[in-house]
1. For the chain, what does the relative contact order come out to in percent, with C-alpha contacts under 8 Å and a separation of six or more?
2. Could you work out Rg/(2.2 N^0.38 Å) for the stretch 527-624, with Rg from alpha carbons only?
3. Taking loop as defined by DSSP and a crowding limit of 14 other beta carbons within 10 Å, which trypsin sites (Lys or Arg not before Pro) in the stretch 278-367 fit?
4. Give me the percent of the accessible area of the chain that comes from carbon and sulfur atoms, probe 1.4 Å, all protein chains in place.
5. What is the ratio of the Cα radius of gyration of the chain to 2.2 N^0.38 Å, with N the residue count, to two decimals?
6. Just to make sure I understand: if all protein chains stay in place, what is the order of 267, 250 by accessible area at 1.4 Å, largest first?
7. When all C-alpha to C-alpha distances in the stretch 220-343 are sorted into bins of 5 Å, what percent of pairs does each bin hold, rounded to whole numbers?
8. Under Stokes-Einstein, with the Kirkwood radius over Cα pairs standing in for Rh, what whole-number D in µm²/s applies to the stretch 292-424 at 10 °C and 1.306 mPa s?
Amino acid sequence: MAKKPTRPGPTPKQTRTSLPTREEVLQFLEGQPGKIGKREIARAFNIKANDKVALKALLKDMAEDGQLVRARKRIRQAGRLPETAVIAVLGQDRDGELYGEPVDWDRDEEGPPPRVLIQANRKDRGADFVPAIGDRLLARISALDDGGSYRHSGKPLKKLSHMARRLLGVYRAGDRGGGIIMPIDRRQLREWRVERGDEGDARDGELVRFDIARQGRTNLPSAQVAERLGNPTDQRQVSLIAVHAHGIPDVFPERVEEEVENLPRLDRGGRTDLRDVPLITIDPIDARDHDDAVWAAPDEDPRNAGGFVAIVAIADVAAYVRPGSALDREASRRGNSVYFPDRVVPMLPERISNDLCSLREGEERPCLTVRMVFDKHGHKRSHTFSRALMRSAAKLAYEEAQAAIDGRAGEKAGPLVEPVLKPLWAAYRLLAKARDERGPLELEIPERRIMVGKDGRVARVVVPERLEAHRLIEELMIQANVAAAETLEQKRTALLYRVHAEPSKEKLASLRDFLETLDVALPKAETLKPTHFNRVLRETRGREVADLVNEVVLRSQSQAEYAPANEGHFGLNLARYAHFTSPIRRYADLVVHRALVRALGLGEGGLEDFEVERLAETATTISQTERRAMAAERETADRLIAAHLAEHVGAEFPARISGVTRHGLFVRLADTGADGFVPVATLGSEYYNYDETVHALVADRSGETYQLGQTVQVRLVEAVPTAGALRFEMLSAGVKGSAVARRGKSRGPTGKRGRPAGRGRR
């Protein structure tokens, strides 16, 4: 437990006949927060002008004897940290705790800097971020005297700017030592100078982690290599760039591995026996873990004629990952698994995610189940949760299950068609009717998937077919998630909701203005429902602008997140919703499992009081780790595609304009889905006005228009694989005489709807 040092107040001013003793100086420094220099010491001890020379000599002697450190006009006791300090987060210890070192530390004078234990406050943390390796934090420092390996702890107060964070880049060696570092962040396409001696043992072309420092008489920023990370041109290592850049933990601490190796035997007592129920898993063909299984059959209750019973069984992760354990702390820190084309960074160690909690075919596994009863209209009549034992009857891929129900059953799926698959599909078709009646948002955004070959290089990019089998599993999982939220509300038990707020008024106003240019109306009702957006999508389906409308409607939506308070889920059009079905890869689901165990008295592993107290903090943390994972996955895909296309500079591609700014156009290639940029300066000889309402650049004289969603032809000019950046040249002429162009000209070249974007080639 951290103990704050005793802080005596400043020594009162008094008339002194001699200098303070060394002990008095040290006592004063120990009790003073903030910046302390010779002036503050003189004022505290009422040192007159005649004695200031003697005070200076005393402080110099104390520094030479190792009692004080004097740097940048500051004085502090040697070996001690100030009340607040900038800490660089360096790594995790064997217990999975983050540690760091003070940035402002004179190694020559004081030796190795002390390690600081990073302690995020569990209740009233002042920082609203997730500390990660590579961050620099402003932290409140406390002394530790518990006999452990740390002398100080640091409570994060603020994450410092990106410039202050330890960065990643590619080192290019100079002829006489030193060199430059090339960026990997396409938002920061600049080079950093490395002075001779600051390159460490980095080799030319290696990915490095580096710090920014100001050196020399010019005080210009330069880079200091802190860590070598390997060859960035090896596509098999591309995902590691994102892992390091975002501080994603990818190695489990020793204490976690020890816990996994010594997990207690599972207590099978009190569990419902479902081993004879033919539950099956339906997953992607390359899935390594299976955390959900399903089963359905007609309801035999005569009072529910035409209805169905469905069971969704989810791996019982809470049986193994207990609150407060090292395993639990690490899962909480990770928040979720991160999926890259060439690897997975899991939330839980492999022995749990791929073995003990994977619902393997033919093997007995513990699970948490929900049995749901639906009427003939697909409306849920009741549901019941229980802890159970199951044995998966089969592991099927989506394509395998779909082929079987379509009359093309393979050897494995054939025997399952009548007893298992047909009842599942019959239940789903009832649920689909209820779903259509509910009216969730129905955006049609194709999801591309990068297929990586054995050599780690991009083999092809595909758009997987959206099958009825996908929708079946999706709808059953939604129903299970709703049931979890309903049960916990009924039991008045704290939980984490998955919330999705309705679009903001500002975004709705912008969307309405845009749709007006297409002669499409969005109602101006005070409360909009997803059905209003679906009407717009149906009205434009089949038109050239269909993809554009889907894109703009998507951008108008809020981002889903986790919260301990219910705000509903706008996109699914549900009053309450919680994530329950993927505890192997999402910490939120594990929390919901524990809440159900606690609320229903289902045995050990339930939600603890200390977890309830910090639900708001947990919600913030895992919402941020989810966004971190999305950014890392997106950047990795960009880098892989850029490396794939680097061999095709000069080639022409069909594309669609996916974004418009005053600086130029973002384009997305039709075949690979790769994103790149066309600078406005390359568009032509005219000035282009940026019309943000209609997402377009409009030429000042001719009215030639480039608008979001427009299909174009582009030529690849430059590819920077390490940054995932692609630059294109526009080959297609803009649309002339369009309604957008006439509208833009009528409103003038400036103002909100028509800002000068820039000049083309002069």
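1. Working: 1557 pairs, mean separation 71.6, N = 762.
Here the relative contact order equals 9 percent.
2. On the way: Rg = 18.3 Å, N = 98, 2.2 N^0.38 = 12.6 Å.
My calculation over the Cα atoms of the stretch 527-624 gives 1.45.
3. Sparse-neighbourhood loop trypsin sites (Lys or Arg not before Pro): 288.
4. Details: 16890 of 36480 Å².
C and S atoms contribute 46 percent here.
5. Working: Rg = 30.8 Å, N = 762, 2.2 N^0.38 = 27.4 Å.
Rounded to two decimals, the normalised Rg is 1.12.
6. On the way: 267 115, 250 70 Å².
Per-residue accessible area, sorted high to low, gives 267, 250.
7. Cα pair-distance distribution for the stretch 220-343, in percent: 2, 7, 11, 12, 14, 14, 12, 8, 7, 5, 4, 2, 1, 1, 0, 0, 0.
8. Working: Rh = 17.2 Å.
Taking Rh from Cα pairs, D becomes 92 µm²/s.
The values are calculated or read from the model by the stated rules, or taken from the named source; none is laboratory data. A quick note: this is a predicted structure, and the numbers were derived from the prediction, not measured. Note: ideal-geometry Cβ built from the backbone for every residue, glycine included; neighbour counts use all protein chains shown. With ligands, DNA and RNA removed, areas are computed over all heavy atoms of the protein, side chains included. Shrake-Rupley method; radii C 1.70, N 1.55, O 1.52, S 1.80 Å.
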